Structures are given as structure tokens and as C-alpha cells.
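Just so it is clear, none of the values below were taken in a lab; they were calculated from the coordinates. What you see is a predicted model, and the numbers here were worked out from it, not measured in a lab. As a convention, Cβ positions derive from the backbone with ideal geometry for all residues, glycine included, and neighbour counts pool all protein chains shown.
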Amino acid sequence: MSSRRKRVLCVVGTRPEAVKLAPVILTLRQRRWCDLTVVATAQHREMLDQPLGLFGIEPDCDLDLMRENQGLVDFTARALSALDRAFAEASPDFVLAQGDTTTVLAAAMTAFYRRIVFCHVEAGLRTNNLQQPFPEEFNRTVTSMVTRLHFAPTERSKANLLREAVPADRILVTGNTVIDALHWMAARRPVLPIPIDPDKRLILATVHRRENFGAPLARVTAAIRDLVERNPLVQVLLPVHPNPNVTERVFHDLGGLDRVRLVPPLDYQSFIAALMRSHFVLTDSGGVQEEAPALGKPVLVMRAVTERPEAIEAGVARLVGTDTETILAESQRLLDDPGWYRHMARGASPYGDGHAAERIADAIAAL
Ligand code: UD1
Ligand code: UDP
């Protein structure tokens, strides 16, 4: 048997992939059997560079693919071609990617065409509705079809894969690496660089899902506006996602409002500090649904469905959709009913124990 080191190629494209793959990259870097290459599609530019820099990761190859307001087909096509060249050059034994973005779909497809073993971090999340989230449900379902080793964050995500006839010996429940990253960050005691009125309750809000663009997003901004108008002791911090479909709506509807602070995307460190400082969270993000419960912060999920039902079942998150009145009513309850607030703020970490990256590295070593 050859004693050559295993060539592992990690692909990252967007902010959440950088946060969630960083613990795996840092762990693999320490393993002597591993010859690691990091390829950035740069589907996101500054939002990718920020977390990678924070974790001290410099990609070996940066494809620099982001364009202003890029389309799904356009980005997918360019990512496939560019990743194909990168894989040809690095000639890896394994390709590893995390999540359900276009970068992940393109990495999985390219590995499949090149007959390279593909390993998927955060495998098996499903809503079973191809339209929600769009296009992520499609991306992760196709990705699973070509994955050799599925790193499922929870037993539920493993069960989803088993239902799709994935053999049990190809699935490992590892926990979600987002909790590894969170432990890493929390240990550094992050500080929020934005002054917050200590006499007011801070609500942290994020919005960026494609299926929420247009009317649903307008209903969300209406809820935020009404919430601050009805509650003089509430302030909202909303780091605005740079997707033009989000920026235009949010600044148009909420710009200049008293007690609604619109800021550029926070660096990961500041965002975790904001989460820790918040009273509760309004979001349609995937990762934030996992982080907030681990920090004991109630989450109202502004989506019709979620692939992360564990926190909802644990009673620390609520699926509130994008109806203005529902968002308002659920938020008001958290503000007015201390017993209910305590119930939702008791914290839970159904997504992991902070050791997912080690399990992933061990499993790749054993492949
Ligand atoms: C992408 C992912 C989504 C993920 C989200 C995390 C797809 C189809 N979508 O959505 O699954 O939840 O990232 O945030 O894979 N932009 C910048 N600077 C940046 C990043 C984005 O200016 O650093 C702007 C650009 O105009 C870019 C646009 O945002 O074209 C959209 O970026 P894109 O990655 O295509 O979609 P997201 O909405 O960010
Ligand atoms: N995040 C951040 N700054 C922000 C908002 C979010 O660093 O202003 C982090 C957050 O802590 C989480 C990740 O970005 O780890 C979630 O990314 P996003 O919501 O963009 O994507 P999703 O998880 O929905 O795919």
C-alpha cells in the first residue's frame, strides 16, 4: 500500500461556508496524513475574505468569480468551468465542501465528472420542497446523489438520507461544524464595536433568502418598522446582506428610521458579539438558526419551512413565516411575557457539541 499523503481539496464560496469549513480546514492542517488545498470560488468576495482571514486561512487558489447581482445559471456555469481547471491542477483524492450553495453544487458535480471522491459536510438537511429554500434544497439534494461520505449534523439529517436510499455506512453523524466555530469564537470573547443603548432591548435581524425577495421581504420590513414604532424601548440591529435585491428593499423601507440600525455585514466576530448582546433574533438565515439557540437566544424564523426543525422541536425557535402580523405578535409575546421569554431563552444545542471537525478529519483518514 502506498504511504503517500492523502490529497484533500476543500472548496469554499460564501460566508457561511467559510465559517463552517474553517474548523475542518484548521483540523486537517494539523493532520500529517493530509496534503490540503483550499480553493475559493469567491462566490462572495468581501464576505468570504472576512471569515477566512479571521480564522487565518489563505486559499491556495482563488477563482475570484463573484460578479455584481450574479445570476444562478451564470454563476453555476462559471464555477463549473473554473473548478474543473482547479481540480485538474490539484488532482485531489478527495473533494470536501459544506452546505447547499451554488459553489457546493458545482464542486460536487465537478468531482463527479472527474471521478473524484466527494465528501459533504452538513449533509442531509431537507425541507422536501424544491422551492423552499430556493435554490438550496435542489443544490443539496443533487449534491447528496454524488456524495461518497455524508457528514450529517444530526440524527434527523441522517434519517433524511436513509430515506433517499443512501447506504448507512456512507453516513456519519458528526454534529454541525458551526458549533465548533462558535466555541472557537466565544472563547475569544468577541466585542460588539457598535454602541447600543443599554436601556433598550436589542433585536438582531438578518434577511437574505431568495424566496423571500419581493413581497415577503416587504412584509418583513413592515413588521420591523411597526415593532419599533409600538415599542419605544426596542432597537433593531440589521446587518444588511449586500445582495442588491435585499439592499434596495431594506434601505428603502427602513432607512432613516429611529431605532433601526442598518449596517453593512458584520464581521463574524462582531456578529457573534451582537448575538450574545441581543434579546432575541429575527432571521431567515440557516446558520443563525443554529448559533442563536446555542447562545440561549430565542429565534423567530421568518420562513415558511425550515430544514432545521431540531431547535423548533426543542422549543427555542419558532417558525413565524413572513406575515407581518404573525412576526409582530410573536415578537410582542417575547417582549411582554417574561415566562415565555425564559422558556425560549433556556438554550439548546441540538446541532452539535463542538467536535464535528475532528470526527470529519478522522473519517476522511479512514477512507
Ligand atoms: C448565497 C447562497 C445562499 C447562502 C448565502 C449566504 C446561492 C445560490 N446562494 O446567497 O445559499 O445562504 O449566500 O449569505 O448559492 N455580494 C457582494 N459581496 C459579497 C457577497 C455578495 O456584493 O461578499 C452581492 C453581489 O452583488 C452578488 C450578490 O450579492 O452577486 C449575490 O450573491 P450570491 O452568492 O449569488 O447570493 P446570496 O444571496 O449571497
Ligand atoms: N454572519 C456574519 N455577519 C453577519 C451576519 C451573519 O458573520 O452580518 C455569520 C453568522 O454568524 C453565520 C453565517 O454568517 O455563521 C450565516 O450566514 P448567512 O446567514 O449569510 O447564510 P446561511 O447560513 O443562511 O446560508
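Among the conditions (1) at negative phi; (2) more than 22 Å from the chain's Cα centre (by Cα), the only one that Ala165 does not satisfy is (1). For Ala97, all conditions in the list (1) buried (at least 17 other Cβ atoms within 10 Å of the Cβ); (2) away from ligand 2 (no atom under 15 Å from the Cβ); (3) not in a loop (DSSP other than H, G, I, E, B) hold save one; what is the number of the exception? The number of the failed condition is (2). The set of residues in the range 117-132 being touching a residue at least 40 places away in the same chain (Cβ under 8 Å) and closer than 24 Å to Cys10 by Cα consists of Val117, Cys119, Val121, Glu122, Ala123, Gly124, Leu125, Arg126. Tell me yes or no: at least one residue of the range 315-323 is without any contact (Cβ under 8 Å) to a residue 24 or more places away in the chain, part of a helix (DSSP H, G or I) and not basic (Lys, Arg). For the range 315-323, residues without any contact (Cβ under 8 Å) to a residue 24 or more places away in the chain, part of a helix (DSSP H, G or I) and not basic (Lys, Arg): absent.
Could you please find all residues in the range 61-82 being acidic (Asp, Glu) and loosely packed, with under 15 Cβ neighbours inside 10 Å? Residues satisfying the conditions are Asp64, Glu68, Asp74. What residue, among those in the range 224-242 that are touching a strand residue (DSSP E or B) at 6+ places or on another chain (Cβ under 9 Å) and assigned to a helix (DSSP H, G or I), is farthest from Glu137 (Cα to Cα)? My answer is Val228. Just one of the listed residues (Glu307, Glu291) is among the acidic types (Asp, Glu), within 16 Å of ligand 1 (Cβ to nearest atom), buried (at least 18 other Cβ atoms within 10 Å of the Cβ) and assigned to a helix (DSSP H, G or I), and it is Glu291. Scanning the range 343-360 for any residue that is more than 30 Å from Arg5 (Cα to Cα) and not in a loop (DSSP other than H, G, I, E, B) turns up at least one such residue.
Of all residues in the range 19-49, those satisfying the criterion of being buried (at least 20 other Cβ atoms within 10 Å of the Cβ) and within 12 Å of ligand 2 (Cβ to nearest atom) are Val19, Lys20, Leu21, Ala22, Pro23, Gln43, His44, Met47, Leu48. Among the residues making up the range 70-84, those that are under 23 Å from the mean Cα position of the chain (by Cα), under 15 Å from Thr110 (Cα atoms) and not aliphatic (A, V, I, L, M) are Phe75, Thr76, Arg78.
Suppose we filter the range 197-223 for residues that are part of a loop (DSSP other than H, G, I, E, B) and exposed (fewer than 15 other Cβ atoms within 10 Å of the Cβ); how many remain?
Of the range 197-223, the ones part of a loop (DSSP other than H, G, I, E, B) are 197-200, 207-209, 213-214.
If we keep only those that are exposed (fewer than 15 other Cβ atoms within 10 Å of the Cβ) as well, we get 197-199, 214.
So the count comes out to 4.
If only residues of the range 1-51 that are assigned to a helix (DSSP H, G or I) and over 27 Å from Arg209 (Cβ atoms) are counted, the one that is farthest from ligand 1 (Cβ to nearest atom) is Gln30.
Pairing each residue of the range 51-74 that is at positive phi with any residue that is exposed (fewer than 12 other Cβ atoms within 10 Å of the Cβ), provided the two are 6+ apart or on different chains, yields C-beta distances under 8 Å for Asn69/Pro244. Please indicate, with yes or no, whether at least one residue in the range 52-65 is within 16 Å of ligand 2 (Cβ to nearest atom), within 24 Å of Gln289 (Cα to Cα) and of a type in the set (Val, Ile, Thr). Among the residues of the range 52-65, not one is within 16 Å of ligand 2 (Cβ to nearest atom), within 24 Å of Gln289 (Cα to Cα) and of a type in the set (Val, Ile, Thr), which makes the answer no. Return a yes/no flag: does the range 243-263 have any residue that is within 14 Å of ligand 1 (Cβ to nearest atom), in a loop (DSSP other than H, G, I, E, B) and under 19 Å from the mean Cα position of the chain (by Cα). Yes: one or more hits.
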